[in-house]
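Reading through the structure tokens given below for one structure.
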Ligand code: BZD
């Protein structure tokens, strides 16, 4: 407030208010200005990278103006905001998205052409913002797009990692990890050196009594690190709403290195504090669905959570409302358990710093938080050793114990006869060492808990969180099936398909209301439409074939069936099943006569995905895929009938090329293990079909598009446990076709058999936990059905068109509206604010 310009001088400000470019000329002027001043270059020294920088800066200027107005409007309206806390935001590239969402891509295209550049080349200069591992991080990015596009007052909070997910290189068939330093030049962030928070670690707690005789805890001493805010504007599609993603970066609290030490020659220790502090936000942990329990990870979590809550509370306090209104102003969503400490931190702020009674504070906390679970895999459920929490956050551990005590007391009162229940649901696991169970803490501290697809939400209620359903009742648990943003995954990634749909559905309205896609079904028999549809898919396949040629040197036939599996490499996702299937296909072709082979359908098996650096089995899978490719791709008997490609360094911008080029994609997790999956939605929305198990969102996709339009196979979730039991305690015979695959591997067909021994023994000798052998036969048979279906191109195109038409449900807009209504209780902010702009329709 103190920094605001007095009324009489505001006229001058309004007169000179920046507007950003409005037309092609204005855009060119801005680009030239940025090249010549911001970048200190000229037309004699302007490459594509400089053109990218200047174009981005021109768009950034426009975004920041809308960003400012949006923030003013939201402050003025003083309505409830939602805060999405996620340790990962897998944003990908920003420029193309900004151009499309603002609606000025045509202007930029024409302007850049006049200045001597092709817009596609300029867009490709951008480095992906890859602050995430996979589905969970990309979901957060889609949510931000929907929140802004639907005009919800919303902020994302995350960490500004100096290194995002590593870059993957394949050397001699093995994955190598290379650091991803992405901040060299990032026009999309605004450092806010004035927005900082001091974050405390370690130290000790001492108690005193205040004037009224109430016990007060003080957390003292320890180490302090500074959190500095970096803001990333998030433009909504076709709306002025531009929300904020605030990422925290860690710095030494003193801000500088120790000059005295430096002067006295202690050079290394002079910078040690600085380096120690900066380590906190240095790097994203590259594990997905695995909890490794490292101290630095816990430090990251608290650092980010404490800075975010300080910021949220500061904003709330400005309006001077009573604390009980906090949940009317603030909703906080926890993306998995990673931000669970926020529950404890808010309780600490309210009780220790603001002097509220425990119960009043706890009511506020529970009403404020919602928790989304993304996995049932036991190895992914977060737990922290009590000793570590005690050491790093001594006051928080006390609060956790108190939360647990009061919780267990209510459980005891409600279920006095069930003696085993208390240790089962205790937030503290009585193991050696004792552990804090973060998911249990998140459930107890939230008013709603949701899974991310129907099957998954049912599973958490009947398995890992069963007891909590008895304790809290079923209404606390709900489902919000995941979604994807059609702006990036249809309009941006597949522009020709988007244009064709627009031509038939009366414009681009489907990008705001994806259920309008259903009009496409009216054209399923329209000859011209079908031809254009097929041409677009073919062109997308040619583009991918060119990319494969230029990056891998492998020639693939765009008329072949493109079979794609791109996602993190994980045993539960079963890339091993896929590559064993490919080997089976290869062996079958090899056994045929040239005459017989003529009848085979040409196929390209495309893989992509990163393995966590410490995940040995996942790395073996990558190696096997590459070795199979080496052998098959050079086999002259086989030629175009089978090619196997492993695309390096799969990321968001590569997905934008790969997804639209797929004929069939693989979503083949062991039933019950993949919470939802979201790439399944992207592939279908881009006009590809799916081969998949009855798992995650595959089930709802089937319900929407119809079972004739998807290739389902394999064991059902309800039967998995019995099969596992049978493997361990009964006799376990391997599928005979799979046994032949293993034989080929062990004969050295794909190089040293020892290299792949653990992949084989996991299935044959170690219980086949992921049911590869059980599902192998139906998998191979189903692929035969895929081949057969693909031969009938007319029928295939009909399936694709029908499927796209029925995908409206899977927009992240639908998903965000469900969260807004069922969990956050927030409304979109429409109408005029002091910025004078109309938001919304
Ligand atoms: O979340 C994924 C699930 O595996 C998918 O089924 C689901 O579709 C998406 C979105 O809901 N989970 C992750 O991606 N999880 C992680 O990346 C992760 C990262 C760190 C620690 C634990 C899990």
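Here residue 53 meets the list (1) more than 22 Å from residue 512 (Cα to Cα); (2) within 16 Å of the ligand (Cβ to nearest atom) almost entirely, failing just condition (2). Considering each residue of the range 74-85 in turn, at least one proves to be within 16 Å of the ligand (Cβ to nearest atom) and within 30 Å of residue 816 (Cβ to Cβ).
Against the condition without any contact (Cβ under 8 Å) to a residue 60 or more places away in the chain, away from the ligand (no atom under 16 Å from the Cβ) and either touching a strand residue (DSSP E or B) at 6+ places or on another chain (Cβ under 9 Å) or on the phi < 0 side of the Ramachandran plot (or both), how does residue 249 come out, does it pass? Against the criterion (without any contact (Cβ under 8 Å) to a residue 60 or more places away in the chain, away from the ligand (no atom under 16 Å from the Cβ) and either touching a strand residue (DSSP E or B) at 6+ places or on another chain (Cβ under 9 Å) or on the phi < 0 side of the Ramachandran plot (or both)), residue 249 does not qualify. Residue 644 passes every criterion in (1) closer than 21 Å to residue 138 by Cα; (2) touching a residue at least 60 places away in the same chain (Cβ under 8 Å) apart from (1).
Picking from 801, 734, 823, which residue would you name as being surrounded by 20 or more Cβ atoms within 10 Å (Cβ to Cβ) and either closer than 30 Å to residue 597 by Cβ or out of contact with any helix residue (DSSP H, G or I) (no Cβ under 9 Å at 6 or more places or on another chain) (or both)?
Details: 801 fails: either closer than 30 Å to residue 597 by Cβ or out of contact with any helix residue (DSSP H, G or I) (no Cβ under 9 Å at 6 or more places or on another chain) (or both); 734 fails: surrounded by 20 or more Cβ atoms within 10 Å (Cβ to Cβ).
Exactly one residue qualifies, and that residue is 823.
In the range 98-118, which residues are in contact with a helix residue (DSSP H, G or I) (Cβ under 6 Å, 6 or more places away or on another chain) and either closer than 30 Å to residue 567 by Cβ or within 16 Å of the ligand (Cβ to nearest atom) (or both)? Answer for the range 98-118, where residues must be in contact with a helix residue (DSSP H, G or I) (Cβ under 6 Å, 6 or more places away or on another chain) and either closer than 30 Å to residue 567 by Cβ or within 16 Å of the ligand (Cβ to nearest atom) (or both): 98, 99, 100, 105. Residue 174 falls short on exactly one of the conditions (1) touching a residue at least 12 places away in the same chain (Cβ under 8 Å); (2) closer than 24 Å to residue 62 by Cα; (3) away from the ligand (no atom under 16 Å from the Cβ), and that condition is (2).
I'd like to check something: does the range 691-711 contain any residue that is at pLDDT 95 or above, within 15 Å of residue 790 (Cβ to Cβ) and out of contact with any strand residue (DSSP E or B) (no Cβ under 8 Å at 6 or more places or on another chain)? Taking every residue of the range 691-711 in turn, at least one turns out to be at pLDDT 95 or above, within 15 Å of residue 790 (Cβ to Cβ) and out of contact with any strand residue (DSSP E or B) (no Cβ under 8 Å at 6 or more places or on another chain).
Pairing each residue of the range 349-377 that is under 15 Å from residue 403 (Cβ atoms) with any residue that is modelled with pLDDT under 95, provided the two are 6+ apart or on different chains, yields no C-beta distance under 6 Å. The residue pairs whose first member lies in the range 322-337 and is over 20 Å from residue 136 (Cα atoms) and in contact (Cβ under 8 Å) with a residue 60 or more places away in the chain, whose second member is in a helix (DSSP H, G or I) and away from the ligand (no atom under 16 Å from the Cβ), and whose beta carbons are closer than 8 Å, counting only pairs six or more residues apart or on different chains, are 329/316; 330/312; 330/316; 330/368. Against the conditions (1) more than 30 Å from residue 807 (Cβ to Cβ); (2) within 16 Å of the ligand (Cβ to nearest atom); (3) crowded, with 18+ Cβ neighbours inside 10 Å; (4) in contact (Cβ under 8 Å) with a residue 60 or more places away in the chain, residue 437 satisfies every one except (4).
Residues of the range 484-506 include at least one that is touching a residue at least 24 places away in the same chain (Cβ under 8 Å), within 16 Å of the ligand (Cβ to nearest atom) and outside any helix (DSSP H, G or I). Within the range 228-235, identify whether any single residue is touching a residue at least 12 places away in the same chain (Cβ under 8 Å), assigned to a helix (DSSP H, G or I) and away from the ligand (no atom under 16 Å from the Cβ), and answer yes or no. No, the range 228-235 contains no residue that is touching a residue at least 12 places away in the same chain (Cβ under 8 Å), assigned to a helix (DSSP H, G or I) and away from the ligand (no atom under 16 Å from the Cβ).
Residues in the range 148-156: is at least one part of a strand (DSSP E or B), under 20 Å from the mean Cα position of the chain (by Cα) and within 16 Å of the ligand (Cβ to nearest atom)?
yes
For the range 178-193, the criterion of a residue being modelled with pLDDT of 95 or more, under 16 Å from residue 283 (Cβ atoms) and more than 16 Å from the ligand (Cβ to nearest atom) is satisfied by at least one position. Of 451, 506, all but one fail to be within 30 Å of residue 412 (Cα to Cα) and modelled with pLDDT of 95 or more; the exception is 451. One residue alone among 201, 166 is surrounded by fewer than 23 Cβ atoms within 10 Å (Cβ to Cβ) and within 16 Å of the ligand (Cβ to nearest atom), and that residue is 166.
Restricting the range 240-266 to residues that are out of contact with any helix residue (DSSP H, G or I) (no Cβ under 6 Å at 6 or more places or on another chain) and part of a loop (DSSP other than H, G, I, E, B), which is surrounded by the fewest Cβ atoms within 10 Å (Cβ to Cβ)? Here the residue is 265. Number of residues in the range 33-61 that are in contact with a strand residue (DSSP E or B) (Cβ under 9 Å, 6 or more places away or on another chain) and either assigned to a loop (DSSP other than H, G, I, E, B) or over 22 Å from residue 102 (Cα atoms) (or both) equals 0. Of all positions in the range 703-720, at least one carries a residue that is within 23 Å of residue 496 (Cβ to Cβ) and part of a helix (DSSP H, G or I). Across the range 51-68, the qualifying residues are those that are more than 14 Å from residue 234 (Cβ to Cβ) and modelled with pLDDT under 95, and the one among them that is surrounded by the most Cβ atoms within 10 Å (Cβ to Cβ) is 65. Listed by position, the helices (runs of 4 or more DSSP H) contained in the range 276-349 that have at least 2 residues being closer than 17 Å to residue 158 by Cα and away from the ligand (no atom under 16 Å from the Cβ) are 295-318, 341-348. Between 680, 698, the distinction of being without any contact (Cβ under 8 Å) to a residue 40 or more places away in the chain, within 23 Å of residue 768 (Cβ to Cβ) and within 14 Å of the ligand (Cβ to nearest atom) belongs to 698 only. Only a single criterion out of (1) in a helix (DSSP H, G or I); (2) buried (at least 22 other Cβ atoms within 10 Å of the Cβ) is not satisfied by residue 515, namely (2).
Against the definition (more than 16 Å from the ligand (Cβ to nearest atom), touching a strand residue (DSSP E or B) at 6+ places or on another chain (Cβ under 9 Å) and either within 24 Å of residue 366 (Cβ to Cβ) or free of Cβ contacts under 8 Å to residues at least 40 places away in the same chain (or both)), how does residue 452 come out, yes or no? For residue 452, the condition - more than 16 Å from the ligand (Cβ to nearest atom), touching a strand residue (DSSP E or B) at 6+ places or on another chain (Cβ under 9 Å) and either within 24 Å of residue 366 (Cβ to Cβ) or free of Cβ contacts under 8 Å to residues at least 40 places away in the same chain (or both) - is not met.
From the list 841, 832, 827, the lone residue that is within 30 Å of residue 450 (Cβ to Cβ), modelled with pLDDT under 95 and out of contact with any strand residue (DSSP E or B) (no Cβ under 7 Å at 6 or more places or on another chain) is 841.
Okay, residues lined up against (1) within 16 Å of the ligand (Cβ to nearest atom); (2) over 30 Å from residue 718 (Cβ atoms); (3) crowded, with 22+ Cβ neighbours inside 10 Å; (4) more than 21 Å from the chain's Cα centre (by Cα):
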{"residue": "617", "(1), (2), (3), (4)": "no, no, no, yes"}
{"residue": "624", "(1), (2), (3), (4)": "no, yes, yes, yes"}
{"residue": "636", "(1), (2), (3), (4)": "no, yes, no, yes"}
{"residue": "641", "(1), (2), (3), (4)": "no, yes, no, yes"}
{"residue": "649", "(1), (2), (3), (4)": "no, yes, no, no"}
{"residue": "656", "(1), (2), (3), (4)": "no, yes, no, no"}
{"residue": "666", "(1), (2), (3), (4)": "yes, no, yes, no"}
{"residue": "674", "(1), (2), (3), (4)": "yes, no, yes, no"}
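The values are calculated or read from the model by the stated rules, or taken from the named source; none is laboratory data. Model, not experiment: these values are computed from the prediction. Heads up, the Cβs are rebuilt from the backbone with ideal geometry, glycines too, and the neighbour counts pull from every protein chain shown.
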